[in-house]
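What follows is a short report on a single structure.
Please treat every number below as a calculation from the coordinates, not as lab data. Just so we're clear, the structure is a prediction, and the values are computed from it rather than from any experiment. Positions of Cβ are generated from backbone atoms using ideal geometry, with glycine treated the same way; all protein chains shown enter the neighbour counts.
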Amino acid sequence: MIGHRPVAAGPADDAGEVDLRHHGDAEVGDGLADFAVNVRTGTPPAWLADRLRASVADLACYPDPRPARRAVARRHGRAAEEVLLTAGAAEAFVLLARVLKPRKAVVVHPQFTEPEAALRSAGHAVERAVLAKDFTLDPAVVPDDADLVVIGNPTNPTSVLHPAAAITALSRPGRTVVVDEAFMDCVPGEPETLASRLPAGIVVIRSLTKTWGLAGLRAGYLLADPYLVSRLAAAQPLWAVSTPALVAIEACCAPDAVAEATAWALDLAAERDRLAGELTARGLYVVPEARASFLCLCVPDALGIRALLRQRGYAVRRGDTFPGLGTDWLRIAVRDRPSNDALLEVLGELGI
């Protein structure tokens, strides 16, 4: 068994020390059991796949986003004018980077690296606010003069769910706060979501990728005040969201689909907590209070462990490409109990 005291990496402004474009999909392939990509297994469900197949009949027509936009608005209790449909969350980050002109952009790390990559690609300097051990949000970590702040909730890769009050404490006149809620539907009831509240200056980004298994479809949306939505829409290519993606967005925002996602989130929570307990019992540091579909853990020589797991047929996500982590960190997706137990058995064979 391995004991290890985690130490978060210090802040850094140089984008060169980590590969911001490295994502979990680069870890998989070659028949490896996938614990690297945080997409719900067994998806899309049959009812959703049937609707997507049926949408092919309408491909000769240009996409009509209005029904899906209204469905998102109903889902979160917003006005349709506060909704922008996007080709996945990634497009939303790119649009924000192209439209906004921040004097000081700050990204709260560790978190999904695509927002910082999009800002840098658009020519913006980016400062990093790195959270301390346990990676809980202290609003004071963000400089007072930041006029653009980006944070994930729950955060990838730490699986930490920040209180809505802590995030709204970041809001102030002249500042835009972008909240990546791609994994919020992993949380039963979504108590900390800002999608239904949308305080002034807050932008919420959501994705259908994780819960519904639609990474290849590119379906997501952004919620913000109507003026910002109109500016972002003006920068977006015409018909950016395909007809099948619009069908998926509308379907997944229906009450029955939301109820299905909630039921899955409850099952996920039980298995995630069990897996976290098993890993903790082996002397590993698992970031506490995980609330998303993955665990973040600290283990000596994580890159070496990752390589040994690959030799045994298992892919996990390296942590050193997330600013604020380092070479002793891994992210592991939570699967079903038999799959998780198989991974635990292999880790035991490696002395972990």
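Odds and ends about this structure:
- Membrane-span-like helices in the chain, defined purely by DSSP H runs whose alpha carbon atoms cover 20 Å or more axially and whose average Kyte-Doolittle hydropathy reaches 0.0, are 255-281.
- Evaluated over the chain, the Cα radius of gyration and Dmax, each in Å: 19.7, 60
- Debye intensity ratio in log₁₀ form over the Cα atoms of segment 46-254, taken at each q of 0.13 Å⁻¹: -0.69
- Beta bridges per DSSP, both residues in segment 46-254: antiparallel share near 30 percent.
- Gaussian network model of the chain, springs between alpha carbon atoms under 10 Å - residue of Gln236, Gln111, Gln311 with greatest fluctuation: Gln311
- Within segment 97-137, the ratio Rg/Rh, alpha carbon atoms throughout and Rh by Kirkwood, equals 1.02.
- Between Glu91, Glu278, Glu181, the Gaussian network model of the chain with springs among Cα atoms under 10 angstrom shows the greatest mean-square fluctuation at Glu278.
- Neighbour-count ranking [beta-carbon atoms within 10 angstrom, fewest first] of Tyr62, Tyr221, Tyr285: Tyr62, Tyr285, Tyr221
- Intensity falloff of segment 231-352 expressed as log10 I(q)/I(0), Debye formula with alpha-carbon point scatterers, at q = 0.17, 0.22 Å⁻¹: -0.90, -1.18
- For the chain, relative contact order (Cα pairs under 8 Å, six or more residues apart, normalised by length) works out to 27 percent.
- Positive end of the dipole of segment 155-230 (Cβ unit charges, origin at the Cα centre): among Val179, Val229, Thr155, the Cα lying farthest that way belongs to Val229.
- Semi-axes of the equivalent ellipsoid for segment 149-277, computed as √(5λ) from the eigenvalues of its C-alpha gyration tensor and ordered from largest down, come to 25, 21, 12 Å.
- DSSP beta bridges in the chain [antiparallel fraction, %, rounded to 5]: 45
- For segment 77-183: span of alpha carbons on each principal axis (Å, largest first): 36, 33, 27
- The protection proxy used here, the mean number of other Cβ atoms lying within 10 Å of each residue, ranks peptides 99-110, 203-214, 335-346, 160-171 as follows, highest first: 203-214, 99-110, 160-171, 335-346.
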